[in-house]
Amino acid sequence: MDTANFKWTREPESFQIKGDVIQIVTRPHTDLWQRTYYHFQNDNAPVFQMETEEPYFSFVVKTDFSDSHHRFDQCGIVMYLDSENWLKASVEYENGEYQHLGSVVTNQGYSDWATTEIDASVKSMWYRFSRREDDYRVECSEDGIVFRQMRICHMCKGGGRIRFGIYACSPEDSSFRAEFSHMELTECCWMPHDGQQPD
C-alpha cells in the first residue's frame with residue numbers, strides 16, 4: 001500500500017515511515033472512547049488513514065507492540081469517521097500476566113467494548129478489516145495466515161466514503177513505540193452470507 005494516500009487525524013508524539021514499516025510513538029493521555037459506562041469522552045488518539053468509496057474490500061496489517069508497558073497502551077486498526085462514529089481493534093496492555101485483545105464500536109456517540117484476555121507474552125498481532133457496504137468484520141491472527149473472527153458490526157455512518165487505517169495511543173501517563181507493517185489492501189475476504197435469506 002502507498003502510505004502517500006494516508007493522512008493524519010491528529011499526529012502522534014513522533015512517527016517514522018520507512019518503506020512499508022510505520023513506527024508511531026504515542027503521547028500520554030491519548031485515547032478514543034465515547035460515554036458508555038465511564039461517561040467521559042476521549043477523542044485525541046492519533047489516527048493514520050486513507051479514504052475510499054469501495055464497498056467491498058479487506059485491509060490487513062501486522063502490529064508490533066513489544067514496547068508497550070503501561071496499562072491501556074494500545075495499537076491496532078481503526079475506522080474513524082468522526083468523533084462519535086468509529087471502530088477500533090487492538091491489544092491493550094494490562095499487566096505482566098495478561099492483556100486485552102478487543103474491539104470497540106462507537107455508533108452515534110456511544111462506545112461498546114468486547115474483549116478477551118490473552119497472555120502478556122504476545123507482542124504482535126495481525127488484523128484483517130473487511131467491508132461489505134455498511135457492515136464490517138474484524139479478524140485477528142498471530143501468524144498472518146489463520147485469521148479468527150473478533151466481531152461483525154454495522155456502522156450507522158459506514159456507507160459511501162469512509163476512512164480507515166491504523167492508530168496507537170496511551171490513555172494514561174505513558175508513551176510507547178508501536179510498529180505497523182505488511183499493510184495490504186485486497187479483494188473482500190468476507191464472503192456473502194449463504195444461509196438464511198434477508199427478510
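Have a look at Asp134, Asp119 and point out the one that is over 14 Å from Leu32 (Cα atoms), charged (D, E, K, R) and without any contact (Cβ under 8 Å) to a residue 24 or more places away in the chain. Sole residue among the options that is over 14 Å from Leu32 (Cα atoms), charged (D, E, K, R) and without any contact (Cβ under 8 Å) to a residue 24 or more places away in the chain: Asp119.
Looking across segment 176-199, the residues that are under 27 Å from Lys7 (Cβ atoms), more than 14 Å from the chain's Cα centre (by Cα) and open to solvent by less than 50 Å² (accessible area, probe 1.4 Å) come down to Phe176, Thr186, Cys188, Trp190.
Of the residues that sit in segment 20-51 and are touching a Gly at 6+ places or on another chain (Cβ under 9 Å) and closer than 21 Å to Glu179 by Cα, which one is most open to solvent (accessible area, probe 1.4 Å)? Filtering segment 20-51 for residues that are touching a Gly at 6+ places or on another chain (Cβ under 9 Å) and closer than 21 Å to Glu179 by Cα, the one most open to solvent (accessible area, probe 1.4 Å) comes out as Met50. Looking across segment 140-174, the residues that are open to solvent by 10 Å² or more (accessible area, probe 1.4 Å) and in a strand (DSSP E or B) come down to Arg148, Gln149, Met150, Arg151, Ile152, Cys153, His154, Arg163.
Scanning segment 10-19 finds one or more residues that are open to solvent by 70 Å² or more (accessible area, probe 1.4 Å), of a type in the set (D, E, K, R) and over 13 Å from Tyr167 (Cβ atoms).
The values are calculated or read from the model by the stated rules, or taken from the named source; none is laboratory data. None of these values were measured; they are calculated from a predicted model. Positions of Cβ are generated from backbone atoms using ideal geometry, with glycine treated the same way; all protein chains shown enter the neighbour counts. Protein only, heavy atoms only, side chains kept; ligands, DNA and RNA dropped before computing areas. Shrake-Rupley method; radii C 1.70, N 1.55, O 1.52, S 1.80 Å.
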